[in-house]
Amino acid sequence: MMSNVISLDSIFGLGELAPPAAMPAAPEAASGCSSSSCGSSDGPADMDPAVWEKVKNHPCYSEEAHHYFARMHVAVAPACNIQCNYCNRKYDCSNESRPGVVSEKLTPDQAIKKILAVAQEIPQLSVIGIAGPGDSLAANGRNTFATFEMLQKKAPDLKLCLSTNGLALPDHVDTIAQYNIDHVTITINMVDPEVGAQIYPWIFYKHKRWTGLDAAKILHEQQMLGLEMLTSRGILVKVNSVMIPGVNDDHLLEVNKAVKSRGAFLHNIMPLISDPAHGTYFGLNGQRGPTAQELKVVQDACEGGAKLMRHCRQCRADAVGLLGEDRGEEFTAEKIEAMGAIDYDDEARRSYREHVEAERAGRHASKAAAQADVRDSVGTAVDPILIAVATKGGERINEHFGHAKEFQIYEVGPNGAKFVGHRRVDQYCEGGSGDVDTLDGVLAAINDCTAVFVAKIGGCPSKSLADAGIEPVDRFAFDYIEESALAYFKDYAERLGQGAVQSRAGQDAVIRTGALTARRA
């Protein structure tokens, strides 16, 4: 038997979600973030109500939603119609998160049974996506659309989402609209075929294999046409771009402009995963991925273009759960088959969404009030800083330093606090004691941060952090992240003015690509 439905307590590490009355009211003039620089952290005040309804519970399209809602990818699309130099779908490690890999491929019937089982166990589930392990629209998208057709009938409350390289997209826009798939992700790494030829060795199009510039030109034209067709129908499009230093890093600004002009809702610039162990062309030939600072420089340069997504975990094609975790091993084909018939009931998910909606009503006001306080008291003279946060979710500081497998990174300054990324680390404390070598890795991962927020931390790692110039902060344990970050920044600005602390501007950090999967027993 599987475990009972997860309680809200187990998600957030503290009692029930706070009621709206517990939140301070925002000043009348405060309306939260109003510019595109906020990216996927935008709230209901920043977009059309119809668009907010589409994204508010989608963990990939809303940074806020990713703290509360889960996604599920079903691996029903094994074929692919292009080859990327950063992809090798033959490699699979169950403890690694990386696009294009799965442990089990499913038929549409198997996928539906698995979805229904997961929906009964995970009330946070809001989105079903198909992202491979090949391309969702290769082979005419037969398995993809067969799965969505059945799912619409059996679980109509779940959002439908697909990812594609875009080569076959224009041929399937009508079908996508027919099945009410209102979220589509297209991977677009170039708008210049000269750049594309360095990324794609070949494509298979109209019953023929194309290579070189011809392949890149065809792919580019199909991607732009498909993007325009989707956005003209009101379908939200997220564009994924892999940042490859020396190949397309500077070029991604042009990609951002091109996709914005064609109506893309979000642009997700991801670091190249280039571990030689994966057997990719880039990995085996020494192509490195970007550092944390290099990635942030490109992302920041794209601010003001298409809205940016910065909370991506580069998920597996069979990922299950909240972003940053994968509970797939709880739902293997063998375990699902042993369950027998599954009676679908959405009551737990409806109740959960109502709790989250009540939580949000107060959260938006609370964040705006904290932001206004910092803006009024600090002004604009102090440069923003980065902080690392140990969290289990729910927008709370609710994880012990030694138990963290990733840190969420926030940029905090006079204009507010915003999520800008995450850093994967090995768990420092296992079996009751810390590991010095692991601690070195944690320090390297958050070296560009001024402080690290934790629910609790031991004396040894606290001293090591302080010696490295990173302030360990546990006084905001179990409080909300953004309000705590703004309160800290207000205090930091005062201490900076007194000369009690020094700026850490210019530091860099190591990105460990692919979020470590958090398997549950």
Requested in this report: Name, by its number, the condition in (1) in contact with a strand residue (DSSP E or B) (Cβ under 7 Å, 6 or more places away or on another chain); (2) part of a helix (DSSP H, G or I); (3) open to solvent by less than 10 Å² (accessible area, probe 1.4 Å) that does not hold for residue 143.
Outcome: (3)
Query raised in the report: Which residues, counting only those in segment 185-204, are touching a His at 6+ places or on another chain (Cβ under 9 Å), open to solvent by less than 50 Å² (accessible area, probe 1.4 Å) and of a type outside the set (A, V, I, L, M, F, W, C)?
Result: 189, 193, 196
Query raised in the report: Within segment 316-375, how many residues turn out to be open to solvent by 60 Å² or more (accessible area, probe 1.4 Å), of a type in the set (A, V, I, L, M, F, W, C) and in a loop (DSSP other than H, G, I, E, B)?
Result: 1
Report task. Enumerate the pairs (first residue in segment 322-349 and farther than 21 Å from residue 104 by Cα; second residue anywhere and of a type outside the set (Gly, Ala, Ser) and buried (at least 22 other Cβ atoms within 10 Å of the Cβ)) with beta-carbon separation below 6 Å, excluding pairs fewer than 6 apart on the same chain, so at least 6 apart or on different chains. Result -> 348/123; 349/123
Query raised in the report: Which residues, taken from segment 440-471, are farther than 25 Å from residue 68 by Cα, surrounded by fewer than 21 Cβ atoms within 10 Å (Cβ to Cβ) and over 25 Å from the mean Cα position of the chain (by Cα)?
Result: 440, 458, 459, 460, 462, 463, 464, 466, 467, 468, 469, 471
Query - Unmet criterion (only one of (1) more than 26 Å from residue 150 (Cβ to Cβ); (2) part of a helix (DSSP H, G or I); (3) open to solvent by 80 Å² or more (accessible area, probe 1.4 Å)) for residue 215 - result: (3)
Report task. Output the residues belonging to segment 204-235 that are under 28 Å from the mean Cα position of the chain (by Cα) and either among the charged types (D, E, K, R) or over 19 Å from residue 267 (Cβ atoms) (or both). Result -> 216, 221, 228, 233
Requested in this report: Would you be able to say whether some residue in segment 421-433 is more than 23 Å from the chain's Cα centre (by Cα), part of a loop (DSSP other than H, G, I, E, B), modelled with pLDDT of 90 or more and surrounded by fewer than 24 Cβ atoms within 10 Å (Cβ to Cβ)?
Outcome: no
Report task. Provide a single number: the residues in segment 472-494 that are open to solvent by less than 70 Å² (accessible area, probe 1.4 Å) and not in a loop (DSSP other than H, G, I, E, B). Result -> 15
Report summary line: Every listed condition ((1) more than 16 Å from residue 254 (Cα to Cα); (2) surrounded by fewer than 18 Cβ atoms within 10 Å (Cβ to Cβ); (3) in contact (Cβ under 8 Å) with a residue 40 or more places away in the chain; (4) of a type in the set (D, E, K, R)) holds for residue 182 save (2)
Query - Residues of segment 218-261 that turn out to be out of contact with any Lys or Arg (no Cβ under 8 Å at 6 or more places or on another chain) and either open to solvent by 20 Å² or more (accessible area, probe 1.4 Å) or in a strand (DSSP E or B) (or both), as a count - result: 26
Query raised in the report: Condition test on residue 497, is it in a helix (DSSP H, G or I) and surrounded by fewer than 13 Cβ atoms within 10 Å (Cβ to Cβ)?
Result: yes
Query raised in the report: Would you call residue 63 under 14 Å from residue 238 (Cβ atoms) and either modelled with pLDDT of 80 or more or touching a Lys or Arg at 6+ places or on another chain (Cβ under 6 Å) (or both)?
Result: yes
Query - Total residues in segment 376-395, condition modelled with pLDDT of 90 or more and open to solvent by less than 30 Å² (accessible area, probe 1.4 Å) - result: 8
Report task. Kindly indicate whether residue 268 is under 29 Å from residue 411 (Cβ atoms), out of contact with any His (no Cβ under 6 Å at 6 or more places or on another chain) and modelled with pLDDT of 95 or more. Result -> no
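The values are calculated or read from the model by the stated rules, or taken from the named source; none is laboratory data. Source: prediction; values computed, not measured. With ideal geometry, Cβ positions are generated from the backbone for all residues, glycine too; neighbour counts draw on all protein chains shown. Accessible surface areas use protein heavy atoms only, side chains included; no ligands, DNA or RNA. Shrake-Rupley method; radii C 1.70, N 1.55, O 1.52, S 1.80 Å.
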